[in-house]
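No lab work stands behind these numbers, since they all come straight from the coordinates. Predicted model only: the values in this text are computed from it and were never measured. Because the Cβ atoms are built from the backbone with ideal geometry, glycine has one as well, and the counts that use them run over all protein chains shown.
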Amino acid sequence: MKKFTLPLLLLGVTAIAYAQQPVLRCSTTEFMHNHADANAPVRHAETQRRILQWLEQHPDAGNTRTTIYIPVIFHVVYNNTQGNVPSTRLIEQLDVLNEDFGGYNSDYANTPAVWQPISGNTDIQFCLAHVDPQGNWTNGYQYYQTSANLCNSSTIFSTAPGWNPNNYLNIWVAQCSSGILGFASPLGSPPTQDGVVIMHEYVGKTGAVAPYNLGRTGTHEVGHWLGLAHIWGNDGGACSGSDNVADTPNQADNTFNCRPPNTVLTDACSPAAPGIMWMNYMDYSDDACMYMFTQGQKALMLATINTVRPGLLTSTVCQVTGMRENDLSGQPQAFPSPTQGLLTVWMPDGQTEVKYVRIYNTTGALMEVIAAPSTSGNRFELDLTTYPAGLYLIAIETPETRFMLRAMRN
Ligand SMILES: [Zn+2]
């Protein structure tokens, strides 16, 4: 629900109304007011003003259908094995972001029929960064071990300073069990602190702690990073706050827990059906009970990208063709090799349609056949996590030809 008083109201929000809840789903507001530097709320409000101005000048932004790819670098900062989350969970998190922002999450169909026409694909997708700020190869994630307290946000940022947010979305995965699931840095943050933080227990899916184990903390926080506010407008239960989005119903306060699809939930601000949009990613429902963004939210995110993160529109750090031009030479490439499980395969230009992938061990035994692997641009991913260590031969069949690759699993 759109009203125009939000920037002023936001400045005054300090209350924490979560005492009865076992967790604080998101501490973005608290971080801005209590932990970021003193000018953060002013910068945030000023940045938000520019975003809304852009949106007024581009009222059809939500109707554009050009996919934007945002390069992601994960910074895993940890104390011990509990926080040393495997890269497979980072890839799961990336997949969840792509599904949720692409509107092809398997639970999207639970979205009430009344809101299906105004929700779904935001045309924002995410890719692992493969070129670091120095121009070198990276697999898209970095690990930093420290003995420092990682519930202290400044420690997170000083241990692993963020990469240039004009080229990267920084996602810190921090070992902290304070009851906070994550937070996003305020708009206009210093570059080394610009991004989102997900606590280690809530990143990805496998081994994550229920009911926040479907990767939706990441979806929610990246929504903030792209300019979205909480759907209830952070007004402490009143109906006066706004999320600056016209197609989300007015809502009094956050919604916790989970309820069956199509449950109509009303409150003082939306007293009649269809009620409040408790299944929106920017509410506080359990992971299993949030599954949609609206077109209005999409437009606001596009406005944020165009206004304060325009470098992302032309960032090439997901691509390796420029860096490894001589190596590509018409042949597919697989990275990293050796791998601990996940393997990214880049196809050469003109050969991006893959019909089959067959993986053989060195005795010639067929390990797996994958029909039409889902590709993102010119790349697709293979998961050798369950394979024994050793050398594998990968046959890739396109409509025109067949390629052979080797990859080492260690
Ligand atoms: Zn939040």
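Using the Cβ of PHE183 as centre and a radius below 12 Å, the other residues enclosed give a net charge of -1, where K and R count +1 and D and E count -1.
The packing ranking of peptides 151-162, 238-249, highest mean first, is 238-249, 151-162, where packing means the average number of other beta carbon atoms within 10 angstrom of each residue. In terms of packing, defined here as the mean over residues of other Cβ atoms within 10 angstrom, the peptides 252-265, 295-308 line up highest first as 295-308, 252-265. What does the charge add up to near ALA40, with Lys and Arg as +1, Asp and Glu as -1, over the other residues with Cβ less than 12 Å from its Cβ? Net charge in that neighbourhood comes out at -3. The angle between the Cα long axis of helix 295-308 and the longest principal axis of the Cα atoms of the chain comes to about 80 degrees, rounded to the nearest 10. Relative to the longest principal axis of the Cα atoms of the chain, the long axis of helix 216-225 lies at roughly 70 degrees. For segment 183-252, the relative contact order is 22 percent, taking Cα pairs closer than 8 Å that sit 6 or more residues apart in sequence and dividing their mean separation by the residue count.
Against the main long axis of the alpha-carbon atoms of the chain, helix 87-102 sits at an angle near 60°. For the pair THR146 and ALA273, a Förster radius of 60 Å applied to the C-beta separation gives a FRET efficiency near 0.75, rounded to the nearest 0.05. Here the Gaussian network model covers the chain, with springs between Cα atoms less than 10 Å apart; of ILE171, ILE68, ILE91, ILE68 fluctuates the most. For the chain, the Cys residues with no second cysteine's beta carbon closer than 4.7 Å are CYS26. Among GLU221, GLU201, GLU30, the largest mean-square fluctuation in a Gaussian network model of the chain, built with springs joining Cα atoms closer than 10 Å, belongs to GLU30.
Looking at the chain, the DSSP beta bridges with both ends there are about 60 percent antiparallel.
Comparing TRP115, TRP225, TRP278 in a Gaussian network model of the chain (Cα springs below 10 Å), the most mobile by mean-square fluctuation is TRP115. Computed over neighbours whose Cβ is under 15 Å from that of ASN361, the net charge equals +2, Lys and Arg +1, Asp and Glu -1.
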